[in-house]
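The values are calculated or read from the model by the stated rules, or taken from the named source; none is laboratory data. Predicted model, so just to flag it, every value in this text is computed and none were measured. Here the Cβ is made from the backbone with ideal geometry for all residues, glycine too, and neighbour counts use every protein chain on show. Accessible surface is based on the protein model in full, side chains and every heavy atom, while ligands, DNA and RNA are left aside. Shrake-Rupley method; radii C 1.70, N 1.55, O 1.52, S 1.80 Å.
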Amino acid sequence: MSTTIDSILVEKRTFQPPQQLVDHARVSGMDAYRALCDEADQDPDAFWGRLANENIRWHKPFTKVLNSDNAPFYTWFEDGELNVSENCLDVHLENGNADKTALIFEADDGTVDKVTFRELHARVCRIANGIKSLGYKKGDRAVIYMPMSIEVIATMQACARLGVIHSVVFGGFSFRNLHSRIVDVGASLVITADYQVRGGRKIPLKDPVDQALAEEGGDIVKKVIVYERAGGDVAWTPERDLWLHELEQGQADQCDPVPVEAEHPLFILYTSGSTGKPKGVQHASGGFLLWTKVTTDWVFDAKPDDVFWCTADVGWVTGHSYITYGSMAAGLTQIVFEGVPTYPDAGRFWQMVDRHNVTVFYTAPTAIRSLIKASESDSNVHPKQYDLSSLRILGSVGEPINPEAWVWYYTNVGGERCPVIDTWWQTETGAHIVTPLPGATPLKPGSCTLPLPGINVAVLDEACKEVGAGRGGNLVITRPWPSMIRNVWGDPERFKKTYFPPEMGGAYLSGDNAQIDEDGYCWIMGRTDDVLSVSGHRLGGTEIESALVAHDRIAEAAVVGRPDDTTGEAIVAFIMLKGALPQGDEARDLAKNIRDWITSEVGPIAKPREIRFGNNLPKTRSGKIMRRLLRVIAEGNEVTQDVSTLENPDVLEQFSNAY
Ligand code: WT7
């Protein structure tokens, strides 16, 4: 095999799947992979219909697989009825796995708590009964703002059991972010905790909820359920707030799952786009459950005695698909981790893999890169200090994994035994799309390899033409798939415009730039829009800019990403100030003040790494900000480009100082 993409490929070896994996794999060898692809190509409805019947327990069987009448508002299994929570829990009680460990929770301080499927089922039922007793029912929306815990998973499952649509907001987001999501989704219930505990620190969650609900429109929330994680010392609104443990008390251990139509929304998860406010990505119960479960089986080659650890937070889609739903439907024993990879030291992940005998480990390149760095300066936290022999598969998600990090992960964590499975997908795709299969696909470091069976992708230019091998363009998915986004909550026009623009001829536009090489291998080159990826978290440039201009000293702002060894991209903010330009300490103080502002407006992950001040921004004569030039400055380079189209070239010099 060879490739022409020299610019991004520094590691030219291909890595064959280890024979002992191939021998027992669910998809064993490339012939098996191709057979599945052929089956799907020849009769997509029969393929998806077969999977849906084999993998889901239906209350009412479906008679139609895909309905394209209203494209791009596709529906799947539309006349079928099911309950997602029943498929994640009850099925395991009935197939002899009631006493199997479902979750192994490790707290920030290392304390471990385990629950079996039977215990988790009972817990979910008690919480569901509690939520029901408050009057909530199918179709109501609940915002969940909780730390990583058994409770957050149980709470999501309890909502699914009742047909209550949840929207999880990442605990690292500010009250303002929380507020806008509560209002947009129309939540009448919030489920939170007193605090979250990460890296030895107690961080308030109930406080920001109180703040969010005090804002305009926050009074649509009638009840706030609070999980007591750390002492319970929080402000209380008695007619509105109740403790989770009190709500659960006296509730029955059984709660009949509410059958819902396959298209009933399971959840809404907000994600950043190129323009405007974050979009509420709406997922459907049947299709989402199906593809998250099947991809867990195939992509992680799920085995009954696996110990699966996806290190994502449930505030992101990865945690929805591969902690709360798909992997639970697959019946895996899973690790749930409350803390951070660097506490008490940067050996924490490896120590936990060792301690719990993790077999399948799924994390983000940004974490790997930071742990590489840490192990270079402190050999005590190097993976070789730990017994990682339980591992058989390594996964990666969130951004391209650079070949250096890939090879380090493969060698030092996987002991050259474990394939590195680089999974490309998005909040909108619900589940994996382009990814290797561990017992089949030869790997090229840095490539997410081939589309899954049933998935068709292409790279198109702006005129909807395939660009050909080794050329960059828009990565699109040319046929619908079951776990695809159904709508942008409350904004169908935006859904159509963003994901199915007429130029793409009916294909789903991912927003990613990619190349496909002559072996059909896919290489992701980054976003085509102004979406930034900071530590694997997707942030909209415009979102941060709107927060910046809300600061009383800021007239205008432009945010760009600068490549960063550890976090993928670092945020650099160019700020046009009202009034005189500050210097020295005054500039430093203002920069700090702006960072604090962003922390409270958006959240700590959106804090600019660098702030540069000017009394204007570089603009063309038609008033367009020249972001291209800002990127050059952000990377610390001299602007050598032609600036003759600039209205105000002298402004560039002002930005030479970074604070
Ligand atoms: C964006 C989606 C997928 C769950 C976590 C992020 C980037 C994701 C990869 C990968 C290269 C990747 C893309 C994508 N991305 N996985 N394996 N290789 N890039 O979900 O927040 O919706 O972000 O993350 O740019 O569009 P998300």
So if I take the centroid of the Cα atoms in segment 200-236 and the same for segment 45-96, what is the distance between those two points in Å? 36
Lys and Arg at +1, Asp and Glu at -1: neighbours of Q254 with Cβ under 14 Å from its Cβ sum to -2
Give me the accessible area of E503, 1.4 Å probe, in Å² rounded to the nearest 10. 90
Rg to Rh for the chain: what is it, with Cα atoms only and Rh by Kirkwood? 0.95
Most to least packed among 213-222, 157-166 [average Cβ atoms within 10 Å]: 157-166, 213-222
Isolated Cys in the chain by the 4.7 Å beta carbon test? C37, C88, C159, C310, C418, C448, C464, C522
Could I get the Rg over Rh figure for segment 379-517? Both from C-alpha atoms, Rh via Kirkwood, rounded to two places. 1.06
Restricting the count to DSSP beta bridges whose residues both fall in segment 166-309, what percent are antiparallel, rounded to a multiple of 5? 55
Explain nothing, just the number: dipole magnitude of the chain about its Cα centre with +1 on each Lys and Arg Cβ and -1 on each Asp and Glu Cβ, in debye rounded to the nearest 20. 400
Could you please state how large a percent of the accessible area of segment 249-363 is carbon and sulfur, counting protein chains only and using a 1.4 Å probe? 49
Excluding A591 itself, what net charge comes from residues whose Cβ is under 14 Å from its Cβ, given Lys and Arg +1 and Asp and Glu -1? +2
Please list, in order along segment 461-466, the HN-Hα scalar couplings obtained from phi with the Karplus expression 6.51 cos²θ - 1.76 cosθ + 1.60 (θ = phi - 60°), rounded to whole Hz, x for Gly and Pro. 8, 5, 9, 6, 9, 5
What is the sum of charges around S133, taking Lys and Arg as +1, Asp and Glu as -1, for the other residues whose C-beta is under 13 Å from the C-beta of S133? +2
Could you rank the peptides 112-125, 307-320 by their average count of other C-beta atoms within 10 Å per residue, with the highest value first? 307-320, 112-125
Determine the distance separating the Cα centre of segment 449-474 from the Cα centre of segment 400-422; give it in Å without decimals. 26
Kirkwood hydrodynamic radius over Cα pairs of segment 245-288, then Stokes diffusion coefficient at 37 °C and 0.692 mPa s, in µm²/s: 242
If you project the alpha carbons of segment 1-120 onto their three principal axes, what span does each projection cover, largest first, in Å? 52, 52, 30
Of Y136, Y322, ordered by accessible area with the largest first and a 1.4 Å probe, the sequence is Y136, Y322
If you find the alpha carbon centre of segment 600-621 and of segment 293-341, how far apart are they in angstrom? 36
Let me have the 222 nm mean residue ellipticity of the chain computed from DSSP H runs of 4+ only, each contributing -39500 (n - 2.57), with the sum over all residues rounded to the nearest 500. -8000 deg cm²/dmol
To the nearest Å², the heavy-atom accessible area per residue of the chain with 1.4 Å probe amounts to 37
Which of the lysines could a cross-linker bridge to K12, judged by Cα under 17 Å and excluding same-chain residues fewer than eight apart? K444
